[in-house]
1. Strictly over 32 Å apart at the Cα level, which of Lys60/Lys320; Lys60/Lys188; Lys60/Lys359; Lys359/Lys444 would you flag in this model?
2. What's the magnitude of the charge dipole for the stretch 391-498 around its Cα centre, counting Lys and Arg as +1 and Asp and Glu as -1 at the beta-carbon? Answer in Debye, nearest 20.
3. Let me see the P(r) profile for the stretch 370-494: every Cα-Cα distance counted, bins of 5 Å, each bin given as a percent of all pairs.
4. For the stretch 370-494, what proportion of DSSP beta bridges, expressed in % and rounded to the nearest 5, is antiparallel?
5. Quick one: accessible surface of Lys260, probe radius 1.4 Å, all protein chains present, in square angstrom to the nearest 10.
6. Could you please put Ser307, Ser83 in sequence from largest to smallest accessible area, using a 1.4 Å probe?
7. If you count, for each residue, the other Cβ atoms within 10 Å and average over each peptide, how do 332-339, 408-415 line up from highest to lowest?
8. Report in % the part of the accessible area of the stretch 242-361 that belongs to carbon and sulfur, leaving out ligands and nucleic acids; probe 1.4 Å.
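The values are calculated or read from the model by the stated rules, or taken from the named source; none is laboratory data. Bear in mind that the values here come from a model prediction, so they are computed numbers and not experimental data. For neighbour counting, all protein chains shown are included, and Cβ atoms are generated from backbone atoms with ideal geometry for every residue, glycine included. SASA here: full protein model, heavy atoms, side chains in, ligands and nucleic acids out. Shrake-Rupley method; radii C 1.70, N 1.55, O 1.52, S 1.80 Å.
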Amino acid sequence: MNRRHFLNRMMAGAAVFGTSAAFHPINAWAQTAPDATPPASNAIPRPLGVVSRTIEVNGKAARVFGLAQTDGTLGLALDAGSSFDVALSNRIGEPTLIHWHGLTPPWTMDGVPDNPAALLGPSETRRYTFPVGTGGTHWMHAHTLQEQNLLAAPLIVRTAADRQRDEQEVVILLHDFSFTPAEELLAKLKASSAGAMPMDHGAMGQSDAMKGMAGMMASGAMGQMQSMPGMAMDLNDIDYDAYLANDRTLDDPEVVAVDKGGRVRLRIINGATATAFTINTGSLDGELIAVDGQAVQPVAGRSFPISMGQRLDIRLALPKAGGSHPILALREGGAERAGIILASAGAVVGKIPELGEAKGPVLGLGLEQRLRAIEPLAQRPADRRFALTLTGNMADYSWGIGGGDALRIKRGERVELALTNMSMMAHPMHLHGHAFQVVGVNGKTLGGALRDTILLPPMARVTVAFDADNPGRWPLHCHHLYHMATGMMTFVAYEGVG
Ligand SMILES: [Cu+2]
């Protein structure tokens with residue numbers, strides 16, 4: 001399937017220009033027409049196909065997966081408060097399943113293989129029906145190694161207020177791309193760990209680092225850990241062949257037509273499997289208004305971190321004079337970049353080198369600690385607390401969640417998860433089926449953002465709280481695909497379920 005429609009194309013008046021016709025005849029991710037959602041119908045589910053398609057990466061054809069509506073539009077744009085009613089068809093000739101990341105379906109429709117629903121067989125179609133819920137920037141992806149091969153798409157939920165606002169939505173889905181299959185990437189990670197443990201993964205082996213940690217923890221000096229000589233953290237496990245924004249490299253980026261003096265709402269999704277980014281809005285002042293689809297008190301800035309699985313909604317006011325404005329995603333700890341370009345009529349769109357002059361920033365919790373939820377959880381004490389430790393064993397590239405074996409909760413409880421990262425890699429931790437509030441960072445209490453994926457930098461401690469209002473057996477895992485695949489996943493199970 002060469003025809004690729006991202007949601008962007010459907011923006012009123014947002015024609016796209018200046019793209020390579022061979023592989024991008026129509027460039028539009030499911031980017032939001034005001035009337036994109038057909039009238040609710042109890043009888044007719046919206047068809048959504050798991051498909052194979054060809055894109056161009058670094059001048060070479062790449063066979064990848066996708067999630068497409070019948071007209072070719074990639075992804076879904078739905079109305080808040082409506083019914084999610086989708087007939088998901090497997091057209092890739094191998095078993096798969098799709099998780100609706102950010103929505104809160106009943107757990108039987110959550111899309112994690114065998115939890116409890118089985119994989120969708122080749123040519124099988126399965127219907128998913130549940131309330132869409134409130135508005136937000138979400139996404140959908142395979143909860144399997146197929147995610148690496150771009151089996152992901154935007155899942156945008158718009159409120160009535162969103163639709164009425166005089167504001168252009170621009171969806172950006174980020175990816176890391178490799179011509180090497182995910183199974184091989186995983187095998188290489190395991191092989192290189194087994195062979196050269198201390199050298200391949202930072203200046204110290206994990207176990208040495210862990211011993212050092214224990215003392216530091218005891219002395220309460222955790223905050224200094226990352227600056228200690230010899231305690232180098234590992235930023236990236238995999239060097240990818242390309243970093244993509246809406247399937248494209250900066251060599252041939254998406255150019256989105258915008259109005260001079262117009263307002264834009266970026267809906268940015270980090271769909272990369274093993275790469276964190278920092279979003280850079282260049283000369284434009286941004287206003288962060290939501291994380292993981294949940295509104296926050298606006299935070300002004302031009303630089304915003306986004307780890308795997310996370311989303312950022314950033315509002316921009318474009319200059320009246322018009323112009324061309326790159327929105328870039330800087331790879332953490334690397335000079336590689338991805339991005340799109342916002343361009344008003346007549347603007348000269350210059351070439352943006354794929355390699356920046358400096359490495360992308362290392363992600364921390366600075367911004368996280370400044371975020372405040374617009375609608376925080378009600379004040380109440382926790383009924384149940386779990387202390388979990390994130391661990392890694394570089395000798396065989398395996399990862400784990402200590403204390404995560406028996407997370408049993410009851411409906412109606414306020415639950416707190418206190419997460420401590422005792423490894424030298426960062427872990428974006430995702431809980432399915434709920435939004436949690438960030439209530440503590442490195443020992444400091446706060447009324448932080450509601451979200452569903454929280455970054456745990458090396459040696460960091462974060463506490464999140466949520467209300468147990470969606471019975472099921474819910475995955476809690478790292479959104480680094482290869483950490484999840486090698487053990488960093490557990491389940492929060494309601495009593496009487498699963
Ligand atoms: Cu991880």
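1. Result: Lys60/Lys320 exceed 32 Å.
2. Using Cβ point charges on Lys, Arg, Asp and Glu, the stretch 391-498 gives about 160 debye.
3. Histogramming the stretch 370-494 at 5 Å steps yields 2, 12, 23, 25, 20, 12, 5, 1, 0 percent.
4. Numbers: 32 of 42 bridges.
So the antiparallel bridges amount to about 75 percent of the total.
5. That residue has around 120 Å² of solvent-accessible surface.
6. Per-residue accessible area, sorted high to low, gives Ser83, Ser307.
7. Descending mean neighbour count gives 332-339, 408-415.
8. Working: 1950 of 3790 Å².
The nonpolar share, carbon plus sulfur, comes to 51 percent.
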